[in-house]
Ligand code: 2M8
C-alpha cells in the first residue's frame, strides 16, 4: 500500500510541484500542496520543501497564497475556470505566473513544521528559515485584510476557499447568491468530463461559484469594503482552526529559526478565543460557520464543526463536546469504526453518499480530526480513525474520496493528498 502511495505521488510530480490529480486538477493547489508535503517528507524530503517553496513563489505582494497556481505549459481548457477567468495578470502585486485570486485553509505552517520534524537536518532548517517570512506574511494577509467583521476571525469570500466546495454548510449563504444554472451553457465544465456529474457540484452551484469569482475579480481582488456588497461572506470553523493552528506552528518555527515565538502564541490564543465566542454553538455542542450577511450561524451539522479539535489550546469542555459530536450517530467515530468518517451528518435527510463534500469520506479531514483527537487525549478514538482511513486505501486505492457506507473509491483514482496522508498515517 505504501508502494502504491509513493508511485501515485511520483506519477503526479510535475517538475517542481505535485498535481492533485492528472485528470481533474492538473495545476498546483494550495492546501493540497501542504498535505502532499507532509507525505513527501516521509519518502522524498527534498520534494516536500520544493513543493512548498514553489507554492510560495506564487504568493501575492499582499501576502495571499493563491488557491491555484496555473501551469503555463498546459493547454487552455485543461481546467475550468482557468487563467482567462481569473485574470490575475491584470492585478498589481500578483506574480508573473497566472493564479487564482482566492485562498485556501492555511495548513502550510503546520505542514512545514511536520516536514522539518520528520528529518531535522541542516537542509530542512535552511528550507524552514526560507519559508518562515512567507508563512508569516500569509497569516498577516488573513489577519489584516480578511477580518471583515473585525472580530479576530478570517472571512472566506468563496466556498472554494473552504476547500469543502459544496458542503451543505454553504447552502444557506449560497442560496442568497443570485445566479441561474442556464449561465453554464456558455461554458464547458472540465470536471464533469473526468468525473460522474452526479458526484460533482450542480450547474446551479457552478453558476454561483462563477458569479462570486466575477464579483471579487471585478473588485480587483481587493478586500476593502467587502461587507458593502460581496455576495458570499462566511466565517468557517475549519479555515479559522487552521489559521489558529498556523500560529501555534509558527511559534515553534520561530523558536527554531531564532525569532520570537511570543507574538505567535499571543495571536494563537486570540484566534481560539474568537472561535469560541463567534462560532461555538452551545445548543449543538459543535462549531458552526457564521454567515456574515445575516450574522447567523448556519444550521447544517458538517464535519467542519469538529476540526477546531486541532487547536491545542481548545478548552477541555469544548473538546469534550466535540468528541461527543464525533462519536454520535452523525459521525460515528469509534475505537472500531464500522463505517468511515463522513463529511456531513449521516442522519440528515439531505445526506448524499456520492456527491463530493456532501457525505463522502475524505482523508485530509480524517487526518485533521485524528490529529485533534490525539492532541486532546483520545488515543483510542484516534487509532480507530487511523485504522478506518488505512482500510479505505487498502480496499480501494488512493482515491480522491470514498463512499461513506461501502468505502468504494470515488472521484479521481490517483489522488495526491490521499497518497501523502496515507504515508504519514503508516509512519505514525
Ligand atoms: C476541489 O476544489 C476545486 C476548486 O478549487 C474543484 O472542485 O475544481 C476541492 O476538493 C478542494 O478542496 C481541492 O483543493 C481541489 C484540488 O484537489 O479540488
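The values are calculated or read from the model by the stated rules, or taken from the named source; none is laboratory data. Note that the structure is a prediction, hence the values are computed from the model and not measured. All Cβ positions, glycine included, derive from the backbone under ideal geometry; neighbour counts span all protein chains shown.
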Expected single match for away from the ligand (no atom under 16 Å from the Cβ), surrounded by 23 or more Cβ atoms within 10 Å (Cβ to Cβ), under 29 Å from residue 155 (Cα atoms) and modelled with pLDDT of 95 or more among 109, 89 is 109
Note: among 95, 66, just one is closer than 27 Å to residue 143 by Cβ, at pLDDT 95 or above and away from the ligand (no atom under 14 Å from the Cβ), namely 95
Condition set in a loop (DSSP other than H, G, I, E, B) and touching a strand residue (DSSP E or B) at 6+ places or on another chain (Cβ under 9 Å), scope segment 223-240, selection surrounded by the fewest Cβ atoms within 10 Å (Cβ to Cβ): answer is 233
Of the residues in segment 192-222, those that are touching a strand residue (DSSP E or B) at 6+ places or on another chain (Cβ under 9 Å) and not in a loop (DSSP other than H, G, I, E, B) number 2
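The rows are residues; the columns are (1) within 16 Å of the ligand (Cβ to nearest atom); (2) part of a helix (DSSP H, G or I); (3) free of Cβ contacts under 8 Å to residues at least 24 places away in the same chain; (4) in contact with a strand residue (DSSP E or B) (Cβ under 6 Å, 6 or more places away or on another chain).
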position	(1), (2), (3), (4)
348	no, no, no, no
354	yes, no, no, no
366	yes, yes, no, no
382	no, yes, yes, no
387	no, yes, no, no
393	no, yes, no, no
399	yes, no, yes, yes
404	yes, no, no, yes
413	yes, no, yes, no
Within segment 275-304, restricting to residues that are under 20 Å from the mean Cα position of the chain (by Cα) and part of a helix (DSSP H, G or I), the one that is surrounded by the most Cβ atoms within 10 Å (Cβ to Cβ) is 304
Filtering segment 163-186 down to residues that are under 22 Å from residue 106 (Cα atoms) and in contact with a helix residue (DSSP H, G or I) (Cβ under 6 Å, 6 or more places away or on another chain) yields 163, 165, 166, 169, 170
Quick check on residue 56: is it buried (at least 19 other Cβ atoms within 10 Å of the Cβ) and within 15 Å of the ligand (Cβ to nearest atom)?
no
Residue set 153, 131, 135; condition away from the ligand (no atom under 16 Å from the Cβ) and within 18 Å of residue 295 (Cα to Cα); output residue 153
When every residue in segment 161-176 that is outside any helix (DSSP H, G or I) and more than 9 Å from the ligand (Cβ to nearest atom) is compared, the one farthest from the chain's Cα centre (by Cα) is 176
